[in-house]
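Reviewing the structure listed below.
The values are calculated or read from the model by the stated rules, or taken from the named source; none is laboratory data. Here the structure is a predicted model, which means the values were calculated and not measured. In this analysis, Cβ positions are derived from the backbone assuming ideal geometry, glycine residues included, and neighbour counts consider all displayed protein chains. Heavy atoms of the whole protein, side chains included, go into the accessibility calculation; ligands, DNA and RNA do not. Shrake-Rupley method; radii C 1.70, N 1.55, O 1.52, S 1.80 Å.
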Amino acid sequence: MAREGEGGGRGRDRDDRDNEFVDRLVHINRVAKVVKGGRRFGFAALVVVGDQKGRVGFGHGKAREVPEAIRKATESAKRALIRVPLREGRTLHHDVFGRHGAGRVILRSAPAGTGIIAGGPMRAVFETLGMHDVVAKSQGSSNPYNMIRATFDALEKEDSPRLVAARRGIKVSTLQARRQGGEADAAGDA
């Protein structure tokens, strides 16, 4: 009898961990294989998963049925999560450029109240990431797989002031003072 109580606790922890993630179905592709009796259909799903607190991942799953393909893609996305540093928990620290194949994306930080200005697959990434203000532009391929991978390429290049300061061996306050000074010089030149 004591064993029932022990096993139930571990399952509940797994459910809690799964509930913290938000998943978005980005694309479903149906493919047909022609066989002797007719056509066999298969489905491929592209899913984006995030915790809306700065972690996000994407996954791809294939199966004969749509729900199974989505489940496989979701599991794949949860295994490939990345952490993205956000400024004030709402936008990027700096503008970034990403590419994958023929897909190219530009992500720009935005002031509060701007919202998510992005199309299709990129919007799903930002919503699951928990970003509130961003301006994004997709150039080149509109293929959802390339757009998602290019967006993740850009997000992986995102650095926080803390990481930059550590890499340069200076304090964050010194780095941000230089940034404020640079903006004042640019305003003085204009």
Handout entry: Of residues in the range 127-144 being in contact (Cβ under 8 Å) with a residue 40 or more places away in the chain and over 21 Å from HIS60 (Cβ atoms), the one surrounded by the most Cβ atoms within 10 Å (Cβ to Cβ)
Key = MET131
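Scan ARG167, ARG108, ARG99 and give me the residue that is out of contact with any His (no Cβ under 6 Å at 6 or more places or on another chain), closer than 28 Å to ALA45 by Cβ and not in a loop (DSSP other than H, G, I, E, B).
Working: ARG167 fails: closer than 28 Å to ALA45 by Cβ; ARG108 fails: closer than 28 Å to ALA45 by Cβ.
Of the residues listed, the single one that is out of contact with any His (no Cβ under 6 Å at 6 or more places or on another chain), closer than 28 Å to ALA45 by Cβ and not in a loop (DSSP other than H, G, I, E, B) is ARG99.
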Problem - Test for ALA165: is it of a type in the set (A, V, I, L, M, F, W, C) and free of Cβ contacts under 8 Å to residues at least 40 places away in the same chain - result: yes
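Can you tell me which residue within the range 37-61, out of those that are open to solvent by 70 Å² or more (accessible area, probe 1.4 Å) and not charged (D, E, K, R), is nearest to the chain's Cα centre (by Cα)? Give the derivation first.
Of the range 37-61, the ones open to solvent by 70 Å² or more (accessible area, probe 1.4 Å) are 37, 39-41, 52-53, 60.
Those left that are additionally not charged (D, E, K, R): 37, 41, 52, 60.
Working: GLY37: 42, PHE41: 29, GLN52: 10, HIS60: 14 Å.
Looking at the filtered set, the residue picked out is GLN52.
Across the range 145-163, what is the total count of residues that are assigned to a helix (DSSP H, G or I) and surrounded by 15 or more Cβ atoms within 10 Å (Cβ to Cβ)? Walk me through it before giving the result.
As a first pass, look at the range 145-163 and keep what is assigned to a helix (DSSP H, G or I): 145-156, 161-163.
Those still in the list that are surrounded by 15 or more Cβ atoms within 10 Å (Cβ to Cβ) too: 145-155, 161.
The qualifying residues number 12.
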Practice task
Kindly indicate whether any position in the range 125-141 is over 21 Å from LEU25 (Cβ atoms) and small (Gly, Ala, Ser).
Solution key: yes
Handout entry: Members of the range 62-88 that are within 11 Å of the chain's Cα centre (by Cα) and in a loop (DSSP other than H, G, I, E, B)
Key = ALA80, LEU81, VAL84
Exercise for the section: Quickly run through the range 76-98 and pick out the residues that are free of Cβ contacts under 8 Å to residues at least 60 places away in the same chain, crowded, with 17+ Cβ neighbours inside 10 Å and farther than 17 Å from GLN52 by Cα. Expected result: SER76, GLY98
Handout entry: Residue check for ALA124: in contact with a Lys or Arg (Cβ under 7 Å, 6 or more places away or on another chain), in a helix (DSSP H, G or I) and surrounded by 19 or more Cβ atoms within 10 Å (Cβ to Cβ)
Key = yes
Handout entry: Residues of the range 35-56 satisfying the condition of being out of contact with any Gly (no Cβ under 9 Å at 6 or more places or on another chain) and assigned to a loop (DSSP other than H, G, I, E, B)
Key = LYS36, GLY37
Completion exercise
Taking the range 136-155 and keeping only residues that are touching a Leu at 6+ places or on another chain (Cβ under 8 Å) and either over 11 Å from GLY103 (Cβ atoms) or among the basic types (Lys, Arg) (or both), one is left with ALA136, LEU155
Exercise for the section: Go through (1) touching a residue at least 40 places away in the same chain (Cβ under 8 Å); (2) within 26 Å of ARG30 (Cβ to Cβ); (3) not in a helix (DSSP H, G or I) one by one and return the number of the condition GLY59 breaks. Expected result: (1)
